[in-house]
Structure formats: C-alpha cells, structure tokens
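Enquirer: Submitted below is the structure of interest, expressed as structure tokens.
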Amino acid sequence: MKRIMIIVCLLTFTLGLASAQTTSKQENRKNLTVKEWKRGNAGKGTRYLDHVTKYDAQGRKIEEIEYNSSSKMVSRCTYAYNENGKVKQEVVYDERNKAVRIRKFEYNSDGTKHKQYNYGPDGKLISVKEFEYIR
C-alpha cells in the first residue's frame, strides 16, 4: 500500500511539473516572433531567413512560414484554437500565399484527437481521419 501511495505521489508531482513547464513555455512565448536564420556552404555562406514562427497573446503558435535560400516564401501555415486551447483549424498556403489545404479537428472529452477533416482550397471535404487509442 505504501508503494502505491509513493507511486501516486510521484506521478502527481511529475504531471504537475510537466504542466508547469508547459505553462512556463507558453508564458515565454506570448506575442513572440521567432526568426530562424540559416547559412549555406557548411555555415560559411550568406545568411538567409529560413523560418518565422509567430505566437499569440496566450503563447500559442498562430503562424509558421518557411522560406527558401532566396528568402522567398515556400509555405505558410496558420493555426486557430478552440475554447480549450486545442488546434481547431490549420490552413496551409503555397508560395503564392494561396490556400492549398485546410484541416479541422475534433477532440474527445479527455483532449485527445477524435477526427481530422481534410478540405481542399475550395472548401470541399476530401477525407476524414479518425483516431483510436488502445492501451
């Protein structure tokens, strides 16, 4: 019985610590823009913009942009969140900033993904992915 109580206490502490670290990460990302720079030629070449990631006032990623070595946009992805802080929609754009794919998500009551709906740029449903969790 003592072992069970010790294990429960350790698990509770560990989960609480993980939750605090996640909250701390989000706190540090509030209204943040992260630019990632790259150098070609084994680090000796010209520096160019590789990625830009933007976070909202709650510290959630809202946009990610990828660039090529000429600093031209390759793709962009935007994220929208539901009232529980889970991603409810992702929109992927091409190099011309035109939507090419839309994903919408549904979640189970425990926060795990239930379904992913995949739409074309015209808004027509292409496919549905269902998630099953087995222990």
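The values are calculated or read from the model by the stated rules, or taken from the named source; none is laboratory data. Predicted model, so just to flag it, every value in this text is computed and none were measured. Counting neighbours? That spans all protein chains shown, and the Cβs are built from the backbone with ideal geometry, glycine included.
Enquirer: Among residues belonging to the range 63-115 that are hydroxyl-bearing (Ser, Thr, Tyr) and in a loop (DSSP other than H, G, I, E, B), point out the one that is farthest from the chain's Cα centre (by Cα).
Expert: Going through the qualifying residues, I end up with 70.
Enquirer: Here are the criteria: (1) at pLDDT below 95; (2) under 17 Å from residue 65 (Cα atoms). Tell me which single one residue 102 does not satisfy.
Expert: Of everything listed in (1) at pLDDT below 95; (2) under 17 Å from residue 65 (Cα atoms), residue 102 misses just condition (1).
Enquirer: To continue, here is another question. Would you call residue 82 in contact with a Leu (Cβ under 9 Å, 6 or more places away or on another chain), among the polar types (S, T, N, Q) and at pLDDT 95 or above?
Expert: Judged against the criteria, residue 82 is not a match.
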